1. Conditions first: (1) among the small types (Gly, Ala, Ser); (2) open to solvent by 50 Å² or more (accessible area, probe 1.4 Å); (3) not in a loop (DSSP other than H, G, I, E, B). Ala80 passes all but one, so which condition is the exception?
2. Could you check how many residues of the range 242-272 are more than 25 Å from Glu314 (Cα to Cα) and part of a helix (DSSP H, G or I)?
3. Working carefully through the options Glu18, Glu25, find the one that is part of a helix (DSSP H, G or I) and either open to solvent by 80 Å² or more (accessible area, probe 1.4 Å) or among the aromatic types (Phe, Trp, Tyr) (or both).
4. Only one of (1) open to solvent by less than 20 Å² (accessible area, probe 1.4 Å); (2) under 40 Å from the mean Cα position of the chain (by Cα) is not met by Ala221, so which one is it?
5. Given the criterion more than 24 Å from Arg73 (Cα to Cα), modelled with pLDDT under 95, under 33 Å from the mean Cα position of the chain (by Cα) and among the aliphatic types (A, V, I, L, M), identify the matching residue among Ala208, Ala167, Ala158, Ala194.
6. Select from the range 31-53 the residues that are modelled with pLDDT of 95 or more and either not hydrophobic (A, V, I, L, M, F, W, C) or not in a helix (DSSP H, G or I) (or both) and list them in ascending order.
7. Checking Ser139 against (1) open to solvent by 30 Å² or more (accessible area, probe 1.4 Å); (2) at pLDDT 95 or above; (3) of a type in the set (S, T, N, Q): exactly one of these is not met. Which one?
8. From Ala256, Ala241, which residue is surrounded by fewer than 13 Cβ atoms within 10 Å (Cβ to Cβ) and over 26 Å from the mean Cα position of the chain (by Cα)?
Amino acid sequence: MPSSKPLMTPSSAPASVESALRTLETESGGINALAAALRGPLGEAFARAVDLIRNAKGRVIVTGLGKSGHMARKIAATLASTGTPAFFVHTAEAAHGDLGMITTDDVIMALSWSGEQPEMKTLVNYSARFAIPMIALTSNAASSLGQAADIVLELPRAREACPHNLAPTTSTMMQVAIGDAIAIALLEGRGFTALEFAHFHPGGKLGAMLKFVRDYMRTGAEIPVKPEGTKMSDAVMEMSAKGLGCVCIVNAANEAVGIITDGDLRRHMRPDLLTVSVDDIMTRQPKTVPPSMLASEMIEVLNTRKITTLVVTEADKVVGIVHLHDLLRAGVA
């Protein structure tokens, strides 16, 4: 049923909600300005930066300090998870031994909104000394960082969401957005697939979604199955014994020709139901999926068709069955 609660209007919204809306509007303005810049001069620099990273033999070293450092960590993580080897080096720690993590095959991506952080000088000098290409993400191309970098991604200046225009909010949003854009451009450019993505995300719900149907299907004696011509009384016993609320009907070649679910029983309820053949009750041509399908795709099939069970076939033979309840227990759905 629709909610009976009235929608808040700007005049009735609490002060905290009004503040939140102002923050989101301000930050979205920064993203819009970034998109506009990419359609202009920033676009050419962006394309060169992507090409530089794509052709590098080593990794992307993402660095920053303060809030820019936090954004740099996120960018490095996103790059690594989407097929571009990358890791974060703390700008200040670089001068205390972490420069040894950086090789001449790498590319440095340095984040500094002002471009004038004194701690960045060590990395700038190291980059110049060993001819390690550097990409600067800054709002000031004329800064010392911008002048030293091989490629400058000059982000447009936009007002921070902070009412004093001080706390990094819009600026950090823009930094992470351009980092995401670089990661996705590289992903699409190399044709990075969902299967490759799965290699880097084996844990959590995302990892569960990137497993395969074969990892969740029931097999062998766990499959509720009966041949064509079976009496409904036997089919109902099979449904009850296997506890999935369905039974798959197969032909002599073990090919799925139909399925009977609890819903079918309700729709065909009649006095002689248990004496008729499954052929009279089953839903023909049940939806089947291969064991090699990704779990995320399987969920899409279940949701689109509004069903709870899928028959798994290989070379047209029934090899398993998947129920929504199994996916829920596994944390997939």
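The values are calculated or read from the model by the stated rules, or taken from the named source; none is laboratory data. Note that the structure is predicted; figures quoted are calculated from it, not measured. Cβ atoms come from the backbone with ideal geometry, glycine included; neighbour counts cover every protein chain shown. For accessibility, only protein heavy atoms count, side chains too; no ligands or nucleic acids. Shrake-Rupley method; radii C 1.70, N 1.55, O 1.52, S 1.80 Å.
1. Here Ala80 meets the rest and fails (2).
2. Filtering the range 242-272 down to residues more than 25 Å from Glu314 (Cα to Cα) leaves 262-272.
Adding the requirement that they be part of a helix (DSSP H, G or I) leaves 262-267.
Qualifying residue count for the region: 6.
3. Numbers: Glu18 fails: either open to solvent by 80 Å² or more (accessible area, probe 1.4 Å) or among the aromatic types (Phe, Trp, Tyr) (or both).
None of the others qualify; the one that does is Glu25.
4. Checking Ala221 against (1) open to solvent by less than 20 Å² (accessible area, probe 1.4 Å); (2) under 40 Å from the mean Cα position of the chain (by Cα), the one that fails is (1).
5. Numbers: Ala167 fails: more than 24 Å from Arg73 (Cα to Cα); Ala158 fails: more than 24 Å from Arg73 (Cα to Cα); Ala194 fails: more than 24 Å from Arg73 (Cα to Cα).
The conditions single out Ala208.
6. Step one: of the range 31-53, the residues modelled with pLDDT of 95 or more are 31-39, 42-53.
If the condition is that a residue be modelled with pLDDT of 95 or more and either not hydrophobic (A, V, I, L, M, F, W, C) or not in a helix (DSSP H, G or I) (or both), then Asn32, Arg39, Gly43, Glu44, Arg48, Asp51 are the ones that fit.
7. (1)
8. Details: Ala256 fails: surrounded by fewer than 13 Cβ atoms within 10 Å (Cβ to Cβ).
The conditions single out Ala241.
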